[in-house]
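Enquirer: Next up is a structure, given as structure tokens.
The values are calculated or read from the model by the stated rules, or taken from the named source; none is laboratory data. Predicted model only: the values in this text are computed from it and were never measured. With ideal geometry, Cβ positions are generated from the backbone for all residues, glycine too; neighbour counts draw on all protein chains shown. Each accessible area value is taken on the protein alone, full model and side chains, heavy atoms only, with ligands, DNA and RNA left out. Shrake-Rupley method; radii C 1.70, N 1.55, O 1.52, S 1.80 Å.
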Amino acid sequence: MASITEPLPGTSDIWEPETLDWITLENAARNVFHRYGYGEIRTPIFERTDVFVKSLGDETDVVQKEMYTFQDRGGRSLTLRPEGTAGVIRAIANAGLEQGEEKRVFYFGPMFRGERPAAGRRRQFHQVGVETVGSNNPWMDVEVIAMLCQFLDSIGITGSHVVVNTRGLPEDRARVTSALKEYFAPKVGEMCEDCRRRFDTNVWRMLDCKNEPCTTFAAGSPKIVDLLGEESRTFFEKVCQGLREVGVEYEFAPRLVRGLDYYIHTVFEVTHSGLGAQDALAGGGRYRIQFAGSKTPIEGIGFAAGMERLLLARQSLGITAPDVRDADIMVLGLGESAVLPALQLAQTLRGEFAGLRVKADFTGRSMKAQMRGANKARAQVALILGENELAQGTVVCKMMETSEQETIAINELNGFLATKLNAR
Ligand code: HAM
């Protein structure tokens with residue numbers, strides 16, 4: 001049986017230096033998204049279950065099989081967010097959106113899906129995402145996809161692959177549904193259990209099945225775009241034209257539908273070969289979401305990328321977490337009387353050298369043991385304070401790599417360290 005101290009399957013503890021890598025990604029995302037006028041939003045990690053059921057669609061795998069749903073003490077059904085869009089749109093609906101007003105937000109945070117854990121498939125994973133609402137212009141879709149590509153570039157992810165399709169407007173749906181039903185009707189008996197159910201409940205999802213022979217059948221199905229009305233086709237042509245004009249390389253994927261039912265018009269995914277079977281780095285599209293009580297639906301476009309997968313893709317390209325030391329400067333206090341001065345000196349140095357890590361050894365243990373500690377922390381320099389140094393107002397500076405040692409007057413220490421140490 002697993003020990004209680006082990007994280008649950010599909011969840012993990014993230015330690016430094018990996019956490020530094022996460023910060024790098026978050027800062028890169030902030031930096032890129034700010035350039036496009038996006039501001040950060042933080043929404044709750046749990047919501048009323050209906051926030052997800054009504055927006056993602058009750059026939060989706062996420063809603064059917066993957067949500068962590070529980071009752072609070074008042075008997076209300078609540079759910080840990082399986083994705084970020086629904087909560088963000090709920091927040092925007094709650095704040096109110098004026099006629100013609102546009103909002104651009106980005107977010108980071110944990111999401112929860114009860115999936116079978118595998119490489120790149122977690123039960124708690126983290127997304128970085130953006131949503132733009134209030135614009136029904138196809139150029140906005142182009143800009144959002146271009147922004148995603150610029151973000152991937154900025155974190156060194158090369159070799160990703162953008163695939164794009166359209167789902168058209170709600171008014172096209174009946175036509176697509178009946179064409180798909182007609183196509184799948186003679187084949188459905190040979191397809192998987194999920195597809196047999198989807199044939200009646202949501203035939204579009206049959207295009208998304210990953211089981212054989214369903215994938216082979218799906219590959220011969222009619223292309224969605226060919227079944228759409230003029231308005232939807234024109235919208236999609238503009239998106240494709242815009243992508244070409246801004247230099248985004250993409251592939252048209254005529255049967256991409258994505259697993260969430262709120263999408264209309266543009267849907268897209270970015271895959272990366274460094275990821276293995278779970279190869280989707282990011283996914284998104286245009287959507288319409290309406291909550292009970294709202295007069296009109298909110299239309300938006302956005303995407304989310306899985307942070308763990310971004311890190312895996314970077315690793316596959318040889319970009320690893322930065323190499324950090326536990327301490328750049330280790331202050332050793334030798335003997336009882338030097339412990340407090342060591343603490344004080346460390347405190348002063350932290351004020352002086354903002355980019356460095358300074359630790360003091362408070363144990364009062366032997367010089368040899370403290371030196372071992374400094375080595376283990378991979379300190380650049382050990383500052384040694386003993387009775388003699390305290391009496392003379394000096395400190396012994398030992399450069400750990402070369403073992404060179406110098407006695408420096410305490411009032412010259414900052415200048416000395418500034419020349420000797422590499423700030424991170
Ligand atoms: P999604 O495709 O379900 O879309 O998820 C987006 C990304 O989250 C995936 O491409 C993948 O990188 C990551 N991801 C999803 N599930 C897992 C998992 N179990 N373990 C690890 N990573 C995972 C959405 O969530 C939409 N809200 C995207 C969106 C935003 N559409 C419009 N706006």
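Enquirer: Provide a single number: the residues in the stretch 2-42 that are at positive phi and away from the ligand (no atom under 14 Å from the Cβ).
Expert: 1
Enquirer: For the stretch 189-224, give me each residue that is of a type in the set (V, I, T) and open to solvent by 50 Å² or more (accessible area, probe 1.4 Å).
Expert: Within the stretch 189-224, T201, T216 qualify.
Enquirer: Further, regarding this structure: For the stretch 1-21, which positions are of a type in the set (A, V, I, L, M) and surrounded by 11 or more Cβ atoms within 10 Å (Cβ to Cβ)?
Expert: Residues satisfying the conditions are I14, L20.
Enquirer: Restricting to the stretch 61-94, count the residues that are within 21 Å of F125 (Cβ to Cβ), out of contact with any strand residue (DSSP E or B) (no Cβ under 7 Å at 6 or more places or on another chain) and polar (S, T, N, Q).
Expert: So the answer is 1.
Enquirer: For the stretch 273-299, enumerate the residues that are more than 7 Å from the ligand (Cβ to nearest atom) and part of a strand (DSSP E or B).
Expert: R286, R288, I289, I298, E299
Enquirer: Is at least one residue of the stretch 312-333 closer than 29 Å to S135 by Cβ, away from the ligand (no atom under 12 Å from the Cβ) and among the hydrophobic types (A, V, I, L, M, F, W, C)?
Expert: No, that holds for no residue.
Enquirer: Of all residues in the stretch 283-326, which are in contact with a strand residue (DSSP E or B) (Cβ under 8 Å, 6 or more places away or on another chain), open to solvent by 70 Å² or more (accessible area, probe 1.4 Å) and among the charged types (D, E, K, R)?
Expert: R288, D326
Enquirer: Here's another thing I want to ask about it. List the number of the failed condition for I264; all other conditions in (1) in a loop (DSSP other than H, G, I, E, B); (2) within 16 Å of the ligand (Cβ to nearest atom) hold.
Expert: I264 satisfies every listed condition except (1).
Enquirer: Just for strands (runs of 3 or more DSSP E) wholly inside the stretch 319-401: which have at least 1 residues that are over 30 Å from E308 (Cβ atoms) and charged (D, E, K, R)?
Expert: By residue number, 358-361, 394-399.
Enquirer: From Q370, Q392, Q405, which residue is surrounded by fewer than 12 Cβ atoms within 10 Å (Cβ to Cβ) and in contact with a strand residue (DSSP E or B) (Cβ under 7 Å, 6 or more places away or on another chain)?
Expert: The unique qualifying residue is Q405.
Enquirer: Which of the residues spanning the stretch 251-260 are under 22 Å from the mean Cα position of the chain (by Cα) and open to solvent by 40 Å² or more (accessible area, probe 1.4 Å)?
Expert: Selection gives nothing.
Enquirer: Which of the residues spanning the stretch 189-219 are in contact with a Pro (Cβ under 9 Å, 6 or more places away or on another chain) and assigned to a helix (DSSP H, G or I)?
Expert: E190
Enquirer: To continue, here is another question. Just one of (1) under 30 Å from D323 (Cα atoms); (2) assigned to a helix (DSSP H, G or I) trips up K54, so point out which.
Expert: Just one mismatch for K54, condition (1).
Enquirer: Can you spot a residue in the stretch 364-372 that is farther than 15 Å from V396 by Cα, without any contact (Cβ under 8 Å) to a residue 24 or more places away in the chain and either assigned by TED's automatic domain parsing to the domain that holds D279 or β-branched (V, I, T) (or both)?
Expert: no
Enquirer: For the stretch 83-188, list the helices (runs of 4 or more DSSP H) that sit wholly inside it and hold at least 3 residues that are surrounded by 21 or more Cβ atoms within 10 Å (Cβ to Cβ) and within 12 Å of the ligand (Cβ to nearest atom); which are they?
Expert: By residue number, 85-95, 138-154.
Enquirer: Does E47 fit the bill of being within 12 Å of the ligand (Cβ to nearest atom) and closer than 30 Å to R198 by Cα?
Expert: For E47, the condition - within 12 Å of the ligand (Cβ to nearest atom) and closer than 30 Å to R198 by Cα - is not met.
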